[in-house]
Amino acid sequence: MRLSELGEHGFLGELERRGLAQAIEHDAAVVDGLVVTQDALVEGVHFRLDWISFRDLGFRAAAVNISDLSASGATPSALVVTLAAPPDTDVGDLYELYRGIAETGVPVVGGDTTKSASLSLSVTALGRSDRVPGRAGARPGDHLVVTGPLGAAGAAFREGRYVRPPIRTEEGRSLARSAHAMLDISDGIAQDAAHIALRSGVRCTIDLDRVPIAEGATPDDLGFGEDFELLAAVPESDFHVVGRCEAGEGVELLRNGEPYSLAGWDHFKEAT
């Protein structure tokens, strides 16, 4: 079987089933009390340099990792950055990239550099949390909430540009006190809700008419992902309620009271 047939999440599931990885279903790992997450951004896959500045790229590389910490209720403390770049890259551009990372307010404490045919960044973020909800604890009767408007990333992509991800550290800490499950919306609301449904053994019903939509976005942009707002299953909340958890399995999307479908993102299957 080829990777394109199995898909990203199928591959990760197989690693667990074969005993080659463990506890990788959540947005971050907890190791001896330290919350750890890691993401890579690869030129031509995650970004195009004619659509984004080096400073915004640096901010983005850090922010998507901080987002995973936020989904774990964690306060970020440090970043470890690996940079792979062609030797003819302008050093001034790389300084701008690191200035963008610094704008998140989380220090870079280590990493690596190496030669590459194209630019890529791999960032590991470290933090601590009093309570990590994970994805597996949602219960029937829980509200599904989001921390902000969705669709901005999809709308921007249609215009040949990117938007800076939000940083939801405070919101993540607040939600983590009571959330039964939580993650960040990186693959689209339908696909990310499906992660909660699968791991928690519940059915997630989302009313798209209740989802706050970013200016210039359409409901179909909600399937693009990369909004990096938080999606949480909570008994009650002051955040935007967009749906509920019920007994059953899978995800149901409604628009105008009728079933609706959205695409989602899988790195190896592409649109799903």
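Data table
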quantity: Candidates Gly127, Gly110, Gly154, ranked by Gaussian network fluctuation over the chain, Cα under 10 Å, top entry; calculated: Gly110
quantity: Separation of the Arg99 and Gln38 label points, Cα + 7 Å toward Cβ, nm; calculated: 3.0 nm
quantity: For region 9-54 and region 179-201, distance of Cα centres in Å; calculated: 15 Å
quantity: DSSP-loop trypsin sites (Lys or Arg not before Pro) across region 1-92, with at most 13 other Cβ within 10 angstrom; calculated: Arg2, Arg18, Arg48
quantity: R0 of 41 Å, Cβ-Cβ distance Thr82-Arg2: FRET efficiency to nearest 0.05; calculated: 0.90
quantity: Mean shadow area of the chain over all directions, Cα convex hull, nm²; calculated: 14.7 nm²
quantity: Between 0 and 90°, nearest 10: helix 8-17 axis offset from the chain longest Cα axis; calculated: 80 degrees
quantity: Helix axis angle, 189-200 relative to the chain longest principal axis, alpha carbon, degrees; calculated: 70 degrees
quantity: Pairwise FRET efficiency - Ser116 versus Val31, Cβ, R0 = 30 Å, nearest 0.05; calculated: 0.60
quantity: Share antiparallel - DSSP beta bridges, the chain, percent rounded to 5; calculated: 75 percent
quantity: Scattering curve values for region 3-128, log₁₀ I(q)/I(0), Debye with Cα scatterers, q = 0.12 Å⁻¹; calculated: -0.51
quantity: GluC sites (Glu not before Pro) restricted to region 134-200 and DSSP loop, no more than 14 other C-beta within 10 Å; calculated: Glu159
quantity: Per-residue Cβ neighbour rank within 10 angstrom, fewest leading, Leu6, Leu222; calculated: Leu6, Leu222
quantity: Residue exposure sequence - Met182, Met1 - by fewest surrounding Cβ within 10 Å; calculated: Met1, Met182
quantity: Cleavage-rule hits, chymotrypsin sites (Phe, Trp or Tyr not before Pro), region 43-149, DSSP coil, Cβ neighbours within 10 Å at most 14; calculated: Trp51
quantity: Residue-averaged [θ]222 nm for the chain, counting only DSSP H segments that reach four residues, each worth -39500 (n - 2.57); calculated: -7500 deg cm²/dmol
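FYI, it's all coordinate maths here, none of it is from the lab. Here the structure is a predicted model, which is why all the values come from computation and not from measurement. Here the Cβ is made from the backbone with ideal geometry for all residues, glycine too, and neighbour counts use every protein chain on show.
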